[in-house]
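Here the structure is laid out as structure tokens; the discussion comes afterwards.
The values are calculated or read from the model by the stated rules, or taken from the named source; none is laboratory data. Keep in mind the model is a prediction, meaning the values are calculated, not measured. Quick reminder, even Gly has a Cβ in these numbers, built from the backbone with ideal geometry, and neighbours come from all protein chains shown.
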Ligand code: URA
């Protein structure tokens, strides 16, 4: 086979700030997926993209080329609309768990193909695997049957056939310091979501210490690029910019995040988790042609919980089984009375990860009972001696490094001090011209 281009020529074009043509991008992604372009060359290209950026047309072409590297799912035969949500990742982010059954309970199918946690951010599949028997791997036929049937929604692992170029490139970026490039993040996320075949998509683009993008302005730029990619591909897309400076909810981990999700499905749960669940459910339903649904009612009256139970059972799990409990716990109490003023999301995410809730390498197992339960949130008044948070793990030797991660990560101000109250949802970005 005669190759159309030379990888080194293309790297030089991008290195020197030039634009890659559609044919060059198509070839690059295809040749990299085939193994003709080697990892070292693609790493150099990823770094050139990170440093030089890409224009709108190039990002569009890159996304299409990654979609074309694998299969595309098609839900047009389902006879009902589809809607999905994607989060750029955060600490304590369990929103997908209550959201999927909630939206499905209104007759909109939710094909939620998810990933596992890597680094300090948790993974939806890891959380769900704390439920005895629950199975993350489904065939395409099983996904279709579950979406068409009474569950009407699925949360499962994205198959290897979906955007394989992204799978390979993401792993390379992870070890070459090239994750944080907007063209690469946007094309990575959107190639998978477009290939997955959803008709509508809500993006939760997080900013703050626990997010990929710390700066709101960068997160806004990423959101705009992704909304444009979605709309160009015929997927109705809305992005929300949300604060990830403090952990979401009171649970960070796996089994404890499932417990908190069950609280939300039972009509309770922490206000911030409920706010995001309800906001995203309304948007997904509206994009799928169901505006003005009373989503809170479905949380109050058990409809969403019934869907959850059906979903867990359909994927082999026992919705009534006891969730794993940790062998060891360590509670940190307030040293003084005052107002909790800070709780840094990144530090708490790293600490939970060190307790065993997350993994350092994709092949590592996670400890399902490991994590952190918060007993107070910023703005709460605390008295000396009151528990602030509890670390949990099965291996006591993990506490030392987990506690180290939390040094300087929280603080208590004197009673009466003003504590900045920040909105959770700061922007909503729709069809960008
Ligand atoms: N999530 C993805 O799927 N890809 C990225 O590049 C970043 C977050």
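Just a few scattered comments:
- Of all residues in the range 401-433, those that are under 28 Å from the mean Cα position of the chain (by Cα) and over 30 Å from residue 238 (Cβ atoms) total 11.
- Given (1) more than 13 Å from the ligand (Cβ to nearest atom); (2) in contact with a helix residue (DSSP H, G or I) (Cβ under 8 Å, 6 or more places away or on another chain); (3) part of a helix (DSSP H, G or I); (4) more than 15 Å from residue 62 (Cα to Cα), index of the condition residue 246 fails: (3)
- Check on residue 322, modelled with pLDDT of 95 or more and not in a loop (DSSP other than H, G, I, E, B): no
- Condition check for residue 62 on (1) assigned by TED's automatic domain parsing to the domain that holds residue 185; (2) within 16 Å of the ligand (Cβ to nearest atom): one failure, at (1).
- First in the range 171-199 and farther than 16 Å from residue 84 by Cβ, second anywhere and outside any helix (DSSP H, G or I) and more than 8 Å from the ligand (Cβ to nearest atom), Cβ under 6 Å, 6 or more apart: 183/54
- Residue 200 being at pLDDT 95 or above, within 10 Å of the ligand (Cβ to nearest atom) and closer than 26 Å to residue 103 by Cβ: no
- Residues of the range 294-317 that are touching a strand residue (DSSP E or B) at 6+ places or on another chain (Cβ under 8 Å) and part of a loop (DSSP other than H, G, I, E, B): 315 alone.
- Of the residues making up the range 203-223, those that are within 14 Å of residue 428 (Cβ to Cβ), within 16 Å of the ligand (Cβ to nearest atom) and part of a helix (DSSP H, G or I) are 219, 223.
Yes/no matrix, rows are residues, columns are (1) modelled with pLDDT of 95 or more; (2) assigned by TED's automatic domain parsing to the domain that holds residue 175; (3) outside any strand (DSSP E or B); (4) within 16 Å of residue 255 (Cβ to Cβ):
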position: 341; (1), (2), (3), (4): no, no, no, no
position: 397; (1), (2), (3), (4): yes, no, yes, no
position: 403; (1), (2), (3), (4): yes, no, yes, no
position: 407; (1), (2), (3), (4): yes, no, yes, no
position: 428; (1), (2), (3), (4): yes, no, no, no
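So that you can scan it fast, the table gives a plain yes or no per residue for (1) closer than 25 Å to residue 300 by Cβ; (2) modelled with pLDDT under 95; (3) not assigned by TED's automatic domain parsing to the domain that holds residue 304:
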position: 94; (1), (2), (3): yes, no, no
position: 104; (1), (2), (3): yes, no, no
position: 131; (1), (2), (3): yes, no, no
position: 134; (1), (2), (3): no, no, no
position: 148; (1), (2), (3): no, no, no
position: 157; (1), (2), (3): no, yes, no
position: 176; (1), (2), (3): no, yes, no
